[in-house]
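What follows is a set of notes on a single structure, which appears directly below.
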Amino acid sequence: MITHRPHGIEHPYATSPDQRVPVLPLAGQPVRLGVVASPDVTSIVCDWGTTTLDLSPARDNGADAAALAGGEGHLSEAQAKSLGADGGWSVTTPPVTEPIRYRFRSDSETTEWFDLSPASWVPDAGEVRGGEGRVRDVEWLVSAEGAHRARFVLPLQPDDHLVGFGERYDRLDQRGQELDAVVFEQYKAQGKHGRTYLPMPFAHVVNGGWGFHVRTSRRTWFSSDQNALTVEVALGDEPIVDLGIYEGSPNEVLTAFLSEVGRAEELPDWVFRLWASGNEWNTQDLVMARMDAHRDLDIPVGAVVIEAWSDEEGITIWRDAEYAVTPDGSAHKAADFSYPADGAWPAPKAMIDELHRRDIKVILWQIPLQKSEFSTGQVAADAEAMVRDGHAVLEADGTAYHNRGWWFPKALMPDLSVQRTRDWWTEKRRYLVEDFDVDGFKTDGGEHAWGHDLRYADGRRGADGNNLFPVHYAKAFGDLLRSAGKAPVTFSRAGFTGSQAHGVFWAGDEDSTWEAFRSSITAGLTAASCGIVYWGWDLAGFSGPVPDAELYLRATAASTFLPIMQYHSEFNHHQRPLRDRTPWHVAETTGDDRVIPVFRAYATLREQLVPYLTEQAKRTISTDRPLLRPLFFDHLDDPEIWKHPYQYLLGDDLLVNPVLEPGATTWTTYIPEGTWYDVWTGAQVPNGLVTREVPLEVIPVYTRNPDLNVFH
């Protein structure tokens, strides 16, 4: 058997061994044709027009396995293997100068014919709507099949800075960089590879006094130099680009953008308290033991995120629950379940009630996929219903799409583009909210749609529907919570334009390294510049060995002064030593007796900051001045701020400068215009560069409001 797919599996950044590379060549460019063959195949040829080409076994498929893997962790091996070249054959063709047909033959099989038309960049083949007076050098990538992409230039001045493009980990100012906007699960090291869970084709042109938004859900590409920003846009059925240009200050630009795409709503003040989580807290006893330790050590905690509550199959039922299968895939009610006393969760409702008595909110983990490899049980019944009743995202041929990625491979994906499926999917979780009183959902994942020709029930194809999947996903769970009288607290890592209106976000999977610490701060600042209000990260990272005390406490200090403060740890098969990021486990692992008292002090300070954060979030939503705010929003005319990209404002009154290097005993902060006071001493500080001592219990924070007394 031999298989060739011109688009391959459609991984955005790597090829698969059965793929054509490039999928759309420029006229005069050769292509690499790949096939995958069964082991009994000993020779393959390609009928390339009237020419015959011999294929050779491929040594590799060009996939950047290291980039996919992202380092050590429970998903690394799966990612590295996802594009393996076993059975791969390939050939490089002559330059493609005109439309051509090709097919492959072995001794026992001949494939269908494939058509290929090369493309060229030409002028005057479409229309750019908007951008009058700024757009230059418009070109269209056209083949015999039509227009595929548009490309145009937006001139820049020498001192312009580019900030935005969604959540970006590598740098605040993207001037001089190349990047794209496609939702993607880069497992760790996002800053190294320039990939993101939460892209947006929107950016500020700071100093220039304007910003832009490419009004599309399709993939876009951006590159800039000393003179201009070049924008490339994947097109739909018509050769039209809709471009929004917003004039004014960064605040005015953001307001104009959010008025189009939606903005955050106020969430309850408890979201600003400490969130605690560990992927291996997979029993009621473990969760309560962790919360008991918080109580006994007098470390305030406001929410527990329970990831391993279900079985990672259906993600609707507590593991070990006893119940009757609903053969038609309909939703269960709370009364349908019983919980054995010796099970993992003997009394989940009683547990949640007890946590609520302790003033701890409960958030349950979700994933927007339905496993399909089971032949019996509720998971099988749900998978059958999902396909039978038209709730699944479809392939181009009308069959159900199966996840092509490495996490939950081959799982079905619910078509959350339409209300009927959002209702069907969330109804299975309704009892958790209405009867068990769960307070929110960790809406993990959302990056699983690969394929330009997938079919969505709202009429979109994959090319313009895939990026919107995480937006619909968070909306679905937010609406479920609202319908039960709850605040729409969803906790997502993936998103796109429009995600601003849907809940809370975190920076995704990261190692416990100083590099990841720095890139996560950058991710928060760039996301905030695009209108994401409620944002945090897994403080000190969630993957790899337990961080040392210095990294852990520096990250704790920084997280105290971010919109969301949360610790979390990755699944590690319960191997010893454990990798919990609880402060007491870090103290035990590192042998550093400073960890618990310093963490306690910061968690207590965080409690005292909740009223300030609540009020500042309210102001943010009414004014669009970011809660987590890069300095250019307030000090636009000060060129010095760009030398200090990790400094930020938290609301109107706090200037924060996290300590981001190991071994620091002093730390220098740039104090911009205005009257500022050191929050720890109350002393007024001069403008300009100010250096202070930074023992582990101190993060440089300055305020322009000397009456902000939570620090004294």
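The values are calculated or read from the model by the stated rules, or taken from the named source; none is laboratory data. Because the structure is a prediction, the values reported are computed rather than measured. As a convention, Cβ positions derive from the backbone with ideal geometry for all residues, glycine included, and neighbour counts pool all protein chains shown.
Could you go through the stretch 389-409 and let me know if any residue there is in a helix (DSSP H, G or I) and either of a type outside the set (S, T, N, Q) or farther than 22 Å from H472 by Cβ (or both). No, the stretch 389-409 contains no residue that is in a helix (DSSP H, G or I) and either of a type outside the set (S, T, N, Q) or farther than 22 Å from H472 by Cβ (or both).
Here the condition is being within 17 Å of L480 (Cβ to Cβ) and over 25 Å from the mean Cα position of the chain (by Cα); of R422, R388, R358, R430, it holds for R430 alone.
Applying the criterion of at least 3 residues that are of a type in the set (D, E, K, R) to the strands (runs of 3 or more DSSP E) found wholly in the stretch 108-200 leaves 136-143. Within the option set A125, A58, being out of contact with any Lys or Arg (no Cβ under 7 Å at 6 or more places or on another chain), modelled with pLDDT under 95, surrounded by 13 or more Cβ atoms within 10 Å (Cβ to Cβ) and among the hydrophobic types (A, V, I, L, M, F, W, C) holds for one residue only, A58.
Show the residue pairs meeting these rules: Cβ distance below 8 Å; 6+ apart or different chains; first residue within the stretch 432-459 and surrounded by 23 or more Cβ atoms within 10 Å (Cβ to Cβ); second residue aromatic (F, W, Y) and assigned to a loop (DSSP other than H, G, I, E, B). Listed pairs, sorted by first residue: G445/W407; G445/F408; G446/Y197; E447/F184; E447/Y197; H448/W407; H448/F408; A449/Y401. Evaluating P155 against the criteria (1) farther than 28 Å from Q226 by Cβ; (2) surrounded by fewer than 18 Cβ atoms within 10 Å (Cβ to Cβ); (3) not hydroxyl-bearing (S, T, Y) leaves one unmet condition, (1).
Residue pairs whose Cβ atoms lie under 8 Å apart, sitting 6 or more positions apart in sequence or on different chains, and linking a residue in the stretch 221-245 that is closer than 10 Å to R149 by Cα to a partner that is of a type in the set (G, A, S) and in a strand (DSSP E or B), are E232/A150; V233/A150; L235/A147; L235/A150; P239/G146; P239/A147; P239/A150; V241/A150. Kindly check whether there is at least one residue in the stretch 359-380 that is assigned by TED's automatic domain parsing to the domain that holds Y602, over 27 Å from D423 (Cβ atoms) and outside any loop (DSSP other than H, G, I, E, B). No: zero hits. Scanning the stretch 609-640 for residues that are buried (at least 21 other Cβ atoms within 10 Å of the Cβ) and free of Cβ contacts under 8 Å to residues at least 60 places away in the same chain turns up Q616, L631.
Kindly list the number of the only condition in (1) part of a loop (DSSP other than H, G, I, E, B); (2) surrounded by 16 or more Cβ atoms within 10 Å (Cβ to Cβ); (3) at pLDDT 95 or above that fails for A63. Checking A63 against (1) part of a loop (DSSP other than H, G, I, E, B); (2) surrounded by 16 or more Cβ atoms within 10 Å (Cβ to Cβ); (3) at pLDDT 95 or above, the one that fails is (3). Candidates E673, E640: the one that is at negative phi, touching a His at 6+ places or on another chain (Cβ under 9 Å) and modelled with pLDDT of 95 or more is E673. When E132 is tested against the conditions (1) surrounded by fewer than 18 Cβ atoms within 10 Å (Cβ to Cβ); (2) modelled with pLDDT under 95; (3) closer than 15 Å to C46 by Cα, the lone failure is (3).
Within the stretch 230-246, not a single residue is in a helix (DSSP H, G or I) and either surrounded by fewer than 18 Cβ atoms within 10 Å (Cβ to Cβ) or modelled with pLDDT of 95 or more (or both).
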